[in-house]
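To start, the structure under review is shown below, and the notes come after it.
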Amino acid sequence: MDIILGLILSLLATAIPALAYIAIIWWLDRYEREPLWLLTVTFLWGAVPAIILALIAQIVLDYPFELLGPGLVSSVGTYGITPPLTEETVKALAVLGIFLLYRREFDNVLDGIVYGALVGFGFSVTEDLFAFLGALFTEGWGSWGMTVLLRVGLYALNHSFFTACTGAALGYARLSRETWKKVLVPLLGLGAAMAFHSLHNLGAVFAGQTACLSLVFATLVDWGGVLVLLLIMLLTTRQERLWIVAQLQEEVSRGVISAREYALASTYLDRFRTRWRALTQEGWQRWRQWGRFFNLVTELAFKKHQLQAVGEGAQTVQLIEQLRQQIRDLRIQMGLGSARSVAFSSDSHLEGDCHLT
């Protein structure tokens, strides 16, 4: 009975906090949320393949340290060196794969943080589950409770923070023209992820020699890093809005969108109000149509910014034209009429205040 109860409670203790944190990160990515299927794949990579590959690599790399026998040097190697090297490398593979294979869905630093965090959450869910069950079956419920308190309460964001460093660096490289930045910055991001991971682990290794001061210092660094990434996410969200405001203004004069639609697309609050009104007054179909409309115009703004910032050439130009046509087609489906003729008119589908803030 304890086995079944322990398994159920351990699953809940890992899944519920992870889902809550993922929901927060998903909400912070306001203007162009990543495809759910891609986020799911990213999470699952961290939860299963990354764990397996990291364990195999650690068995190999730990062998020289194990030959030294028990001691501080061996602990430094098996905790402070091999886990950061192996785990951050295999987690980074997922973010790099998205960066290379799904470049259209990888726009900036914010996207990199989101993908990196999802990989980290997947990894921590599996790792925490085994840690909880191991504590329960070896030392009982008291040890289980303490392990849950530490891993879910104090260190729940660690793996996400570490890999988000790699993702943020790839996002920065995404909008860089210089080749050296495209190569060096991601390597520095991966190095930072490994360094923070190592510092955290070494804090635990030296806890006995430092009266836990090393662990306290490492924990403060962990949470300081999380807060810095949160600030970066907020600043990047603001920057995304500025891109939307700057890049979509031309689309009004082109007749791709109306001036009123431009105003609605320029703030998250107006987007939310529009979709909520559509849902409550016209149903799910209308709600989904507005969601697709806002996604398309946001992607159009981002691609235009990327063309200016990076100069990606004919492929991006073609994609921009495809997005414009998709917006035109969707507007016809939605019955919005001519973009030029409905600018700031009393459209029944766009009731309410429109303003730029």
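Any read-out appearing in this document is the output of simple, stated calculations on the displayed coordinates, not a laboratory observation. Predicted model, so just to flag it, every value in this text is computed and none were measured. No Cβ is skipped: glycine too gets one built from the backbone with ideal geometry, and neighbour counts run over all protein chains shown.
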To the nearest 0.05, what FRET efficiency results for Q333 and F217 with a Förster distance of 51 Å applied to their C-beta separation?
-> 0.35
What value, in deg cm²/dmol to 500, does the helix sum -39500 (n - 2.57) over DSSP H runs of n ≥ 4 give at 222 nm once divided by the residues of the chain?
-> -26500 deg cm²/dmol
Any aspartates and glutamates whose Cα falls less than 17 Å from that of K181, other than same-chain ones fewer than 8 residues away, would be D107, E312
Compute the label zone of L184 within the range 74-111: residues whose backbone N is under 17 Å from the point 7 Å along Cα-to-Cβ.
-> none
Tell me, in nm to one decimal, what length is gained between L235 and S253 on full extension, where the rule is 0.36 nm per residue of separation less the Cα-Cα distance?
-> 3.6 nm
Note the listed values (i) 5, 21, 28, 21, 14, 8, 3, 0; (ii) 5, 24, 33, 27, 10, 2, 0; (iii) 5, 19, 23, 21, 14, 6, 3, 3, 3, 2, 1, 0, 0, then indicate which one is P(r) over Cα pairs in 10 Å bins from 0, in percent calculated from this particular structure.
-> (i)
L100 versus V228, label points 7 Å from Cα toward the beta carbon: distance in nm?
-> 2.8 nm
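Would you work out the charge dipole size for the chain about its Cα centre, treating the Cβ of every Lys and Arg as +1 and the Cβ of every Asp and Glu as -1, and quote it to the nearest 20 debye? The partial results should precede the final answer.
Working: 27 positive and 29 negative charges, 259 e Å.
Dipole of the chain, to the nearest 20 debye: 1240 debye.
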Would you mind computing, in nm to one decimal, how far apart the modelled labels at L5 and Q315 are, each placed 7 Å from Cα along Cα→Cβ?
-> 5.7 nm
Along the Cα-to-C-beta direction of L93, a point sits 7 Å from the Cα; which residues of the range 32-68 have their amide N less than 15 Å from that point?
-> 42-61
Output the relative contact order of the chain, whole-number percent, from Cα pairs under 8 angstrom with separation of 6+ residues.
-> 17 percent
